[in-house]
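One structure is given below, encoded as structure tokens.
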Amino acid sequence: MEAVWEEVPVPATPPTGFLVTMLASGVCRSDHNLLTNEKQPAWFQAAFTLGHEGSGTIIGIGSSVPPNSGFSIGDKIALLAVPGCGEEECPECSRDLQQLCAKGHHSGIGQDGFYAPYAAIDIRGAVKIPAGVTPSQAAVATDAVTTAYHAIHRRGEIRKDEVVFLFGLGGLGFNALQIIRAIGARVLVSDIKQENLDEAIEIGVPREDVVPVGKNVQEWVLENGWDRKIDVVADFVGTKQTFEDAQYIGTLNHENTVHMKVGIRKRLSIIFSYGGQTRDLKEALDLIAQGVLDPVVADGKIADFPHVLKELEAGKVTGRIALLHE
């Protein structure tokens, strides 16, 4: 599968949702994976519009949307790509796991998404953008912030009295850093880019809590007396090396090894997380509006997508880039 430019029809307004004119669409490394993975889920179409991070303006309301829904024509909304089907018998949606639903629409993930000028979204995936949040911030909040928020709050259940070791300060990791700091937990950070570590120090991470670039993480932990004191390791890289380090001190690779004796002796719990939910997006947007979170995002144009994706794959992008629709 490869990315091509095509003219596509304006989607119909969904009965239970909205037709939206797009304001901004975030570019994610997953866009490359969606084009290159050989094995895709059953719902993938042969051709679809990419883009699973987006914000836009409501221009059409479906006939089945109740009048008291709280949404109106002209509202600016953030668009959650996988809001689930919402059916009571759905094994995922019925257990509050909407982001794992295989039946609902997956915007930009095998089905039409947010890189076109217009998009359709079910009301379950729409969240009003609070005052003070830009379209670009709102767009990247739907994935880069919401995914980190869900992992830290819902899955990791990190508390303020804990010590967290964080691997990776990229598009998701830097948001995770801010979320953990907002909770009040102490964060030790590691990244392969000095500029990312400098950014962490600038927002308040003590220099002594930053692993120098190139330093062996396990050695640094021992030398600084953090062995047996780290409560949670948050891995936003997922390589074989970080997965191994994570086990010893407290996933771009498709397979990693669990060290059984280490896991048993430390009573390790290895928790995976995927995506987020509407409530996560609402709370993340509120934190951005309050100035607690400040996603690192730069603006581009929708025509820049091929170049931006190459830069992202080459590791030349800091934070996220949102493509503006004109």
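The values are calculated or read from the model by the stated rules, or taken from the named source; none is laboratory data. The structure displayed is predicted, hence computed values, not measured ones. For neighbour counting, all protein chains shown are included, and Cβ atoms are generated from backbone atoms with ideal geometry for every residue, glycine included.
Looking only at region 125-170, which residues are out of contact with any strand residue (DSSP E or B) (no Cβ under 8 Å at 6 or more places or on another chain) and part of a helix (DSSP H, G or I)? Listed by number, the residues that qualify are V145, T147, A148, Y149, H150, H153, R154, R155.
The C-beta contact set for region 298-318 (first residue assigned by TED's automatic domain parsing to the domain that holds A24, second residue part of a helix (DSSP H, G or I) and surrounded by fewer than 18 Cβ atoms within 10 Å (Cβ to Cβ), distance under 8 angstrom, 6+ apart or interchain) comprises L309/H32; L312/H32; E313/H32; V317/E311; T318/E195.
Select from region 199-212 the residues that are surrounded by 13 or more Cβ atoms within 10 Å (Cβ to Cβ) and within 17 Å of T318 (Cα to Cα) and list them in ascending order. Explain how you work it out, then say what you get.
We begin by selecting, within region 199-212, every residue surrounded by 13 or more Cβ atoms within 10 Å (Cβ to Cβ); these are 199-201, 205, 209-211.
If the condition is that a residue be surrounded by 13 or more Cβ atoms within 10 Å (Cβ to Cβ) and within 17 Å of T318 (Cα to Cα), then E199, A200, I201 are the ones that fit.
Considering only region 48-57, I want to know if a residue exists there that is in a loop (DSSP other than H, G, I, E, B), over 23 Å from R154 (Cα atoms) and in contact with a Leu (Cβ under 6 Å, 6 or more places away or on another chain). No: zero hits. The C-beta contact set for region 59-81 (first residue more than 12 Å from A126 (Cα to Cα) and surrounded by fewer than 13 Cβ atoms within 10 Å (Cβ to Cβ), second residue at pLDDT 95 or above and hydroxyl-bearing (S, T, Y), distance under 8 angstrom, 6+ apart or interchain) comprises S64/T16; G74/T57. Taken over region 275-318, the criterion of being of a type in the set (A, V, I, L, M), assigned to a helix (DSSP H, G or I) and surrounded by 13 or more Cβ atoms within 10 Å (Cβ to Cβ) is satisfied by L281, A284, L285, L287, I288, A289, I302, V308, L309, L312. The residue of region 232-257 that is surrounded by the fewest Cβ atoms within 10 Å (Cβ to Cβ), among those that are out of contact with any helix residue (DSSP H, G or I) (no Cβ under 7 Å at 6 or more places or on another chain) and among the aliphatic types (A, V, I, L, M), is L252. Checked against the criterion of being in a helix (DSSP H, G or I), more than 22 Å from N33 (Cα to Cα), out of contact with any Pro (no Cβ under 6 Å at 6 or more places or on another chain) and not assigned by TED's automatic domain parsing to the domain that holds G204, region 232-249 contains not a single residue that satisfies it.
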